[in-house]
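A.B. asks: Before I ask anything, here is the structure I am working with.
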Amino acid sequence: MHERSSVGELADRLRAELNRYSPGEKLPSSRALVERFRVSPVTVSRALARLAAEGLLVTRPGAGAFRAAPRTGARTVGDTDWQEVALSADSSAELVPRSVDASGVLASLASPPAGVIEFNGGYLHPSLQPERAMGAALTRAGRRPGVWARPPVEGSAELREWFARGIGGAVTAADVLITAGGQSALTTALRALAPPGAPVLVESPTYPGMLAIARAAGLRPVPVPVDADGLKPALLADAFRASGARAVVCQPLFQNPTGAVLAPERRPEVLRIARDAGAFVIEDDFVRRLAHEDAGPLPPPLAAEDPDGVVVHVSSLTKATSPSFRVGALAARGPVLERLRAIQVVDTFFVPLPLQEAALELVGSPAWPRHLRAVSAELRHRRETMAGALRSGPGDLTLPHVPSGGYHLWVRLPDGTDESALVAGALRAGVAVAPGRPYFSAEPPAAQLRLSFAAVAGTGEITEGVRRLRTACEEVLRRPGTALLPAAGDGHTGPA
């Protein structure tokens with residue numbers, strides 16, 4: 001069993017047994033717990049630490065763990081109704097209300113209940129993460145002289161140089177800021193480039209976390225449709241003219257959620273259209289390091305082909321490592337860089353130097369290219385397994401496009417499907433999926449799901465998860481009054 005699940009299970013069992021002990025009474029020794037539950041000493045230590053953090057235990061070095069005394073005094077519950085007035089009193093003066101809907105983000109961050117297969121995850125399963133290499137990198141970084149000193153606000157010069165080399169073109173270390181992951185970088189970019197109330201162009205569909213950032217900043221997302229070749233240039237030009245926007249956010253490589261790659265002939269068009277509009281392109285290059293084994297040569301970032309400072313580039317190490325390894329970069333050229341730097345300094349000061357040094361140790365180690373090769377091969381295998389399972393059954397789940405990078409598939413459902421009912425039915429059947437609605441800033445053209453194949457333990461879970469999803473389809477879609485499943489082979493293929 002994986003270490004994380006063992007810790008949780010042991011903590012649950014010890015929590016259930018605490019009533020056997022009086023306050024202040026000593027629990028069995030760590031050695032006794034190891035022998036009784038047949039787990040490692042590390043698992044015991046972490047489980048005890050979890051209960052201590054909950055206030056249920058008191059640990060005393062050299063003495064053991066003791067049941068904590070019960071808390072005294074009842075919690076006073078006051079009247080918080082006044083907050084409804086305080087939080088909405090100035091909303092009438094806002095052009096766009098800054099309400100935050102985090103549901104689309106939480107759909108990929110929340111862990112599903114035990115026994116539920118995680119098709120809604122946004123990160124690599126722990127078995128795919130380079131945990132040993134990250135641990136070794138952090139240990140080596142911790143020994144470096146001055147590692148706990150105050151870092152430059154722009155970030156470590158060596159790490160900025162590493163990101164600049166990865167972007168290519170004329171980008172240098174002087175054009176790069178180190179950020180606390182991609183989400184932080186996107187937040188800084190949007191705040192720098194658009195004032196509250198302004199429109200910002202976004203791909204449709206697009207990453208819900210970016211839509212949440214925009215709305216929380218009081219911006220107005222304006223959709224620009226994408227197809228299998230990425231952003232549609234003609235519609236992008238129309239959207240700039242109609243909205244007056246001064247920024248567009250796009251993911252040219254393995255777009256989330258469609259997996260589209262911006263076609264070679266569209267790349268210069270997107271840059272030209274933005275330049276003519278006097279606007280910036282925020283390039284979210286979030287999964288370049290998760291290309292599949294059969295992807296072939298990747299196009300360079302748009303920033304590498306931009307001589308005029310149109311592109312503000314965002315990249316991150318998080319997707320290829322761990323959700324807790326939050327190290328990313330912003331790259332820009334010209335006066336906008338100073339504005340980005342100022343906003344980042346005000347918001348976060350800087351990224352902790354030990355984490356930056358650990359990132360340098362990791363990407364400079366022989367384990368890094370080995371990890372990327374292993375993940376590339378495994379993601380291809382998982383993608384083929386999921387696509388094959390989706391295509392082998394009835395035509396209720398349609399794949400418009402199968403990408404050669406990223407960690408998910410974008411699935412179209414039959415017309416008339418109640419997307420929310422299907423998501424709830426899937427959870428009852430034992431599989432968590434991400435609904436398509438949060439990926440659209442306006443009305444979606446169809447019911448869709450995003451299915452992740454990276455957050456599960458392996459291909460066995462993928463096959464079983466698709467089977468459970470089909471069970472939910474049978475339950476929801478064949479109810480009286482709902483759309484019927486199209487028969488296999490009836491030519492229903494979904495949009496291009």
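Bear in mind that the values in this text are calculations on the coordinates, not laboratory data. Since the model is a prediction, treat every value here as computed from it, not as a measurement. Cβ placement follows ideal geometry from the backbone for every residue including glycine, while neighbour counts extend to all protein chains displayed.
A.B. asks: Rounded to the nearest 0.05, what FRET efficiency do E475 and S243 have when you use their Cβ-Cβ distance and R0 = 45 Å?
C.D. replies: On the way: r = 42 Å, r/R0 = 0.93.
Once rounded, the FRET efficiency stands at 0.60.
A.B. asks: How many times 2.2 N^0.38 Å is the alpha carbon radius of gyration of the chain? List each step's numbers first, then the result.
C.D. replies: Values: Rg = 24.8 Å, N = 496, 2.2 N^0.38 = 23.3 Å.
Ratio of Cα Rg to 2.2 N^0.38 Å: 1.07.
A.B. asks: Let me ask something additional. Calculate the radius of gyration of the Cα atoms of the stretch 3-67 to one decimal place, then report Dmax, the largest Cα-Cα distance, as a whole number, both in Å.
C.D. replies: 10.7, 30
A.B. asks: Let me ask something else. Work out, in µm²/s and without decimals, the Stokes-Einstein translational diffusion coefficient of the stretch 196-254 at 37 °C, 0.692 mPa s, Rh from Kirkwood over C-alpha pairs.
C.D. replies: Details: Rh = 11.5 Å.
The estimated diffusion coefficient comes to 284 µm²/s.
A.B. asks: Below 8 Å, C-alpha to C-alpha, sequence gap of six or more: please give me the relative contact order for the chain in percent. Display every interim value, and only then the final one.
C.D. replies: Values: 881 pairs, mean separation 87.5, N = 496.
Averaging sequence separation for qualifying contacts and normalising by length gives 18 percent for the chain.
A.B. asks: Hey, another quick one. Divide the volume of the convex hull of the Cα atoms of the stretch 136-235 by its number of residues and quote the answer in cubic angstrom per residue. Working shown, then result.
C.D. replies: On the way: hull volume 17.0 nm³, N = 100.
About 170 Å³ per residue, rounded to a whole number.
A.B. asks: Can you give me the long-range amide H partners of V224? Hydrogens built in the peptide plane at 1.01 Å from N, cutoff under 5 Å, separation of 5 or more residues or another chain.
C.D. replies: Close amide H contacts, sequence-distant or interchain: V202, E203, S204.
A.B. asks: Continuing with the same structure: In nanometres, what is the gap between the two model label sites at A53 and R467, each 7 Å from Cα along Cα-to-Cβ?
C.D. replies: Calculated label separation equals 3.6 nm.
A.B. asks: Any idea how far apart R373 and A263 come out in nm if each label point goes 7 Å out from Cα toward Cβ?
C.D. replies: Between R373 and A263, the simple spin-label model gives 3.5 nm.
A.B. asks: At a Förster distance of 22 Å, what's the computed FRET efficiency of R15 paired with E131, Cβ-Cβ distance as r, to 0.05?
C.D. replies: Details: r = 26 Å, r/R0 = 1.20.
Given R0 = 22 Å and the Cβ-Cβ separation, E is 0.25.
A.B. asks: Helix-only mean residue ellipticity at 222 nm, the chain, DSSP H runs n ≥ 4 weighted -39,500 (n - 2.57), per residue, nearest 500. What is it? Mind dumping the intermediate values first?
C.D. replies: Working: 16 runs with 195 residues, N = 496.
It comes out at -12500 deg cm²/dmol, rounded to the nearest 500.
A.B. asks: Under the Karplus relation 6.51 cos²θ - 1.76 cosθ + 1.60, θ = phi - 60°, what is the ordered set of whole-Hz ³J(HN,Hα) values for the stretch 225-230, x standing for Gly and Pro?
C.D. replies: Along the stretch 225-230, the couplings run x, 10, 10, 5, 9, x Hz.
A.B. asks: Checking the a/c ratio against 1.5 first, then a/b against b/c, what shape does the Cα gyration tensor give for the stretch 328-404?
C.D. replies: Details: a/c = 3.63, a/b = 1.84, b/c = 1.97.
It is oblate, given that a/c is not under 1.5 and a/b is not larger than b/c.
A.B. asks: OK, next. With a ≥ b ≥ c taken as the square roots of the eigenvalues of the C-alpha gyration tensor of the stretch 221-347, please select rounded if a/c is under 1.5 and otherwise prolate if a/b is larger than b/c or oblate if it is not? Don't jump to the answer; show the numbers that get you there.
C.D. replies: Values: a/c = 1.73, a/b = 1.08, b/c = 1.61.
It is oblate, given that a/c is not under 1.5 and a/b is not larger than b/c.
A.B. asks: Kindly provide the Kirkwood hydrodynamic radius of the stretch 131-363 in Å, to one decimal, from all pairs of distinct alpha carbon atoms.
C.D. replies: Working: mean 1/r = 0.0557 Å⁻¹.
Computed over Cα pairs of the stretch 131-363, the Kirkwood hydrodynamic radius comes out at 18.0 Å.
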